[in-house]
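Colleague: Shown below is the structure under consideration.
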Amino acid sequence: MSEKNPLAAGSATPAQARTGGVATSGAADISAFLKKAAAVGAPKVPGERGRLVFALDATASREPTWGMAQEITGQMFTEAAKVGTLDIQLVFFRGMGECRSSGWVTEAQRLKELMRKVACVGGQTQIGRVLAHAADEAADKRVHALVYVGDAMEESLDDLCGKAGRLAMAKVPVFTFLEGGDPAAEHAYREIARITRGAFARFDPGAASQLAELLRAVAAFASGGRLALADAAKGSRGAQLLLGQMK
């Protein structure tokens, strides 16, 4: 991205230097997400480190649940460690055109520290810039998954779909997680997931357990592929129930 890294997480990557009335969620939504994600297929070769771009909307509407997101991000590393290794890059947007990314991190504590440095600021969504950035990163070195967490969409859907197409070409599945039930956002998030062969899910505002379940699932997928995604669900009763619905 064109923005300089404000998170002091290392030097900018080559890609960073280039880049200028719905029901709330529940077990059914998360089960559908896991079923779709399991169908994507193994994303990596043996011994390869998983690389996951973790992108968040940091506009003012997300402030009430930003702290929640900070606390559960470490679970992605914990889940990934069971099946492989994982590098995560934090991307966020906020305010008037600010969209930034960190370096790649390998430890849960470091990711939490980066997120603590980010304060939510009012502004409009910049999902298109997130998608373009991830595609640029994938052009330099393979990216196994993009996670996007938000609650709105205020951009051209055609433009977003075009940018999602670049990720589809690079074989980067996008997993879109919608907080709440904004209809326009849901439509856009579903389209982005569909085009990239990723998956979509909603979670209730402030529902840490729901979001944590989803993030753990994607971390397992990015670090170990489809089989690892299924195995990761064996660690909790709720996940076992979800897998039972997938049969």
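Colleague: State, to one decimal in nm, how far the label point of Lys141 lies from the label point of His187, with both points 7 Å from Cα in the Cβ direction.
Modeller: 4.0 nm
Colleague: I want to check the label-to-label distance for Met169 and Ala119. Put each point 7 Å from Cα in the C-beta direction and report it in nm to one decimal.
Modeller: 4.1 nm
Colleague: Continuing with this model, one more query. Between Lys112 and Glu63, what is the label-to-label distance in nm when each label sits 7 Å out along the Cα-to-Cβ direction?
Modeller: 2.4 nm
Colleague: Taking every pair of alpha-carbon atoms in the range 72-143, what share in percent sits in each 5 Å bin, from 0 to the bin with the longest distance?
Modeller: The calculated distribution, bin by bin, is 3, 14, 22, 21, 22, 13, 4, 1.
Colleague: Okay, moving on. Highest mean first, how do 101-109, 129-137 rank when packing is the count of other Cβ atoms within 10 Å averaged over residues?
Modeller: Top to bottom by mean Cβ count within 10 Å: 129-137, 101-109.
Quick note: the coordinates plus some simple rules give every number you see, no bench work behind them. Keep in mind that what you see is a predicted model, and the values were worked out from it rather than measured. Cβ atoms come from the backbone with ideal geometry, glycine included; neighbour counts cover every protein chain shown.
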